[in-house]
Ligand code: SF4
């Protein structure tokens, strides 16, 4: 695709329903991902280690106002057991994800990261634990964390205010992302497609923000309502639009690592395959203990909460191979372009 990605072109692709145009868009996205990453799809092992959260995001089932959520925290030993299990299955990236849980102080987290780094010197350690200070992020990095995922959710100030309570701000979220980049993490931003009150122009702003931030990873998934949130009556995000946003992100950030998220698989049995065919190149199976997986409910009807990780891996491998790609269990670091 040789069309320059002007705002009007981007807006057109955000809104188009023309099957030929969409096929061309996805082909261009696949060509670019194959140019930089070949046919490989990288695998990350997700460890959801706490479902406590001090925040109250209106779209999230873990919000502190959801008093019917079942809360849990994994012990250090349980987290390390997840890593050992992952290592035996061939994983080389552990993603420690949780709500913003004050129990996990900087000191406790630093000890956990240090221990994982000591026991797994060749594995990538990714954190996804929300907003912290520059100094906290720097401590975790020094202890051995390599990557950090922090979705911005929407790059429009007003829209951010419609999705979050007053004590949260887009400005603070953006500052965290800039801090993480400055410290030297491989940084992941990301957004929800089809969140309440979102417009095509908001999505264009998301693309602008991604171009400005130049993150190494971008998580793009559809909004899915959770019954115990103020957004329970809103519909699911549009899956086809989600795929177009993945493809557009691939065109703007050719060497980004883009996951085929669990959320796209939740809305469609072939959702993850379709995301891979729109330019995604990462999958994130769950390494959390089976007993807690259903409790980590960001949205309703999340898939893969009842299967052993080994079964999930086999299932994912089949799905990946049927799209013509191959599963790569290596670290799958970001590839810097030589210019
Ligand atoms: S989206 Fe994250 S920060 Fe917001 S309530 Fe859910 S877990 Fe907490």
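A protection proxy built from the mean count of other Cβ atoms within 10 Å ranks the segments 263-274, 195-206, 240-251, most packed first, as 240-251, 263-274, 195-206.
A Förster radius of 56 Å combined with the Cβ-Cβ distance from residue 70 to residue 8 puts the calculated FRET efficiency at roughly 0.70.
A simple spin-label model places pseudo-atoms 7 Å from Cα toward Cβ; at residue 238 and residue 307 they are separated by 2.9 nm. Considering only alpha-carbon pairs that sit under 8 angstrom and 6 or more positions apart, the relative contact order computed for the chain is 25 percent.
The relative contact order of segment 150-276 comes to 23 percent, based on Cα pairs under 8 Å that sit 6 or more residues apart. Would segment 1-108 count as rounded, prolate or oblate if I go by the C-alpha gyration tensor, calling it rounded below 1.5 in a/c and otherwise prolate when a/b exceeds b/c, oblate otherwise? Oblate shape, in that a/c is at least 1.5 and b/c is the bigger or equal ratio. How would you classify segment 223-264 from its alpha-carbon gyration tensor, with a ≥ b ≥ c the square roots of the eigenvalues: rounded for a/c under 1.5, else prolate if a/b is greater than b/c, otherwise oblate? Verdict is prolate for segment 223-264. Please work out the Cα center distance from segment 131-194 to segment 248-284, rounded to the nearest Å. Going from one Cα centre to the other spans 21 Å.
What shape does the chain take by its C-alpha gyration tensor, where a ≥ b ≥ c are the square roots of the eigenvalues and a/c under 1.5 counts as rounded, a/b above b/c as prolate, and the rest as oblate?
On the way: a/c = 1.39, a/b = 1.21, b/c = 1.15.
Verdict is rounded for the chain.
Which percentage, to the nearest 5, of the DSSP beta bridges contained in the chain is antiparallel?
Values: 1 of 31 bridges.
Of all bridge pairs located within the chain, approximately 5 percent are antiparallel.
Applying 0.36 nm per residue to the separation of residue 227 and residue 16 and subtracting their alpha-carbon distance, the gain on full extension is 72.9 nm.
For the chain, what is the calculated [θ] at 222 nm in deg cm²/dmol (nearest 500), taking -39500 (n - 2.57) for each run of four or more DSSP H residues and dividing by its residue count? Please list the in-between numbers first.
Values: 13 runs with 145 residues, N = 339.
Theoretical 222 nm ellipticity from helices: -13000 deg cm²/dmol.
The mean sequence distance of close C-alpha pairs (under 8 Å, at least 6 residues apart), as a share of the length of segment 102-199, puts its relative contact order at 29 percent.
Read-outs throughout are calculated quantities, based only on the coordinates presented, and are distinct from any laboratory measurement. What you are looking at is a predicted structure, and each value in this text was computed from that prediction instead of being measured. Note that each Cβ is placed from the backbone with ideal geometry, even for glycine, and that neighbours are counted across all protein chains shown.
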